[in-house]
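For reference, the structure discussed in these notes is given below.
Just so you know, all these numbers are worked out from the coordinates, no wet-lab data involved. All of these numbers come straight from a predicted model, not from anything done at the bench.
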Amino acid sequence: MASKPNDSLGPGGRVPVPSMKKGVSHFFKEVGIEMRRVIWPTKAETLRLTSAVLFVCVLFVLYLYIAGEIVHLIIRLMEQGKV
């Protein structure tokens, strides 16, 4: 049984690429317009959110370290025949 080509693909099974009728310069002008519409975070927001991410990363590293030490202890006790 032959596989059915994906309906979202273009002719010949290739991903359709939009034509650049308006040119590359028009594309970059639109990118600039969209970038001006973005609501960028303030410096305080950026620092607060970055701190939160770093704090969660540190907690996760500590959790993994403690879990690894517990598993290591269990394996060592099993090797010694105490468990």
Subtract the Cα-Cα distance of Ser51 and Met35 from 0.36 nm times their separation in residues, and report this length gain in nm to one decimal. 3.2 nm
Residue span Leu59 to Val15: 0.36 nm per residue of separation minus Cα-Cα distance leaves a gain in nm of 11.6 nm
At 0.36 nm per residue, minus the direct Cα-Cα distance, what do Lys43 and Leu77 gain on full extension? Give it in nm, one decimal, please. 7.1 nm
